[in-house]
1. Lys291: which lysines have alpha carbons under 20 Å from its alpha carbon, excluding same-chain residues fewer than 8 sequence positions away?
2. When all protein chains stay in place, what accessible area (Å², nearest 10, 1.4 Å probe) is found for Ser171?
3. For segment 8-106, with all protein chains present and a 1.4 Å probe, just round the carbon and sulfur fraction of the accessible area to a whole percent.
4. With a 1.4 Å probe and all protein chains in place, put Lys327, Lys33, Lys209 in order of accessible area, largest first.
5. Glu237 accessible area, nearest 10 Å², 1.4 Å probe?
6. Packing-wise, with mean Cβ within 10 Å as the measure, how do 59-69, 223-233, 198-208 rank, highest first?
7. When all protein chains stay in place, what accessible area (Å², nearest 10, 1.4 Å probe) is found for Asp331?
Amino acid sequence: SAKHLTQQKILQLLDAAFEKQPGPPMILVMDAKTAKMVSSCCSMSEIQKHNITLVQGLHNTRIDFPNANVVYFISPTLASVEAMCNDFDLQKNRPKYGYVHIYTTARLDDTAMNRIKNSILLNRIATLVEVHIDFFFEQENVVQIECSIPLDPSQRLNNANVATVANSVVSFLGTIGDFPAIQYSNTSPLCSLLAQTVHRTLQEYSRKKNVEFPLLDSPTLLIVDRVEDVIAPLVHETTFQALVADILAVDKKFSYGGDKVAELNDKNSLWCELRYKQMDEAIAVAQAKLKQFISNDKVAQIQQQSEVSLKDLSDAVKGIENYEFQKKMIDGQVALLAACTKEFESDKLLEIVTLEQSLIGRKQNEDIQTLSQFLRSPIVS
């Protein structure tokens, strides 16, 4: 997956730094942006396996480790570069760390480079590399970038903003090794500008990496403008995940049954399987999983038997940890589905969704009376 490829790239950077300057485990220092990026695809335990003993925030108060080498993974902003240099310039007689490995998410501009050149830090640098990772994962295969393009038409064609978005897009494509053909809506000036900027940036990147672009069998990057489809954000999405966020206002964790909590993330395999399905399909899959769990799991079977052999009991004890894990995962999703279904039915969302789809299908005259009734209903806020 794209998330795995990004994780491997980050961990390889840590390995490369340690191989260049072997010694005791290193310190990893990140600013807020890079910390968000790394945490979206790497766990702390995975980072620690790659010769990192401690992770610190760049702008936080930090303990000195003058005998430990440090890896700075930072954004190429002057604020982050200044904070990094101050770790050494403000403590000339006792530097905060030993040798320094610097990885930046994008190219450092001349001002930032000059700041490093004029710092005591310069003599300690063992690595200075642009890694071109400027995105983070919302889900396993859902990538998000920091987009600063405004909706105001008079302010949208800002070359600096478009270039920032293009660089983030290219950093993702380069990380997963895709150099796609680009298609875009030529009715949108913003799409045209962004497509041209991404194409130009991809050409420059592919030349550096000595990769042909585009390849004959390359995938397609489709660039569209939200203003060309203003309806989609205004209607109810009826997949399981969308309803959980919409009608239950639940994001990462779902509390139920008093003190029970269901984690809604990529580590929950059943949640990942159900989240993009329509509600009726998600319920059917969950029911099938529950039946399969009861029929296959030794512990679940024993709980339904009046007499148990020593062998069955031994097998059950061996699988009890997996039983508890599977039971908790299924239990959480069933409770979540039940809560969603209850709210969906009590708020008469099926009728609202049906009306929305009917209006989208341009049957406004037929449904105007129904729409008027819904707008007067207390269930519509």
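1. Lys277, Lys327, Lys328
2. For Ser171, solvent-accessible area is about 10 Å².
3. The value for segment 8-106 is 55 percent carbon and sulfur by accessible area.
4. Reading off the accessible areas and sorting them downward yields Lys209, Lys327, Lys33.
5. 100 Å²
6. Numbers: 59-69: 12.9, 223-233: 11.3, 198-208: 16.0.
Per-residue Cβ counts within 10 Å, averaged per peptide and sorted highest first, yield 198-208, 59-69, 223-233.
7. 50 Å²
The values are calculated or read from the model by the stated rules, or taken from the named source; none is laboratory data. What you are looking at is a predicted structure, and each value in this text was computed from that prediction instead of being measured. Glycine also receives a Cβ, built like all others from the backbone with ideal geometry; neighbour counts cover every protein chain displayed. Quick note on the areas: whole protein, heavy atoms, side chains included, nothing else; ligands and nucleic acids left out. Shrake-Rupley method; radii C 1.70, N 1.55, O 1.52, S 1.80 Å.
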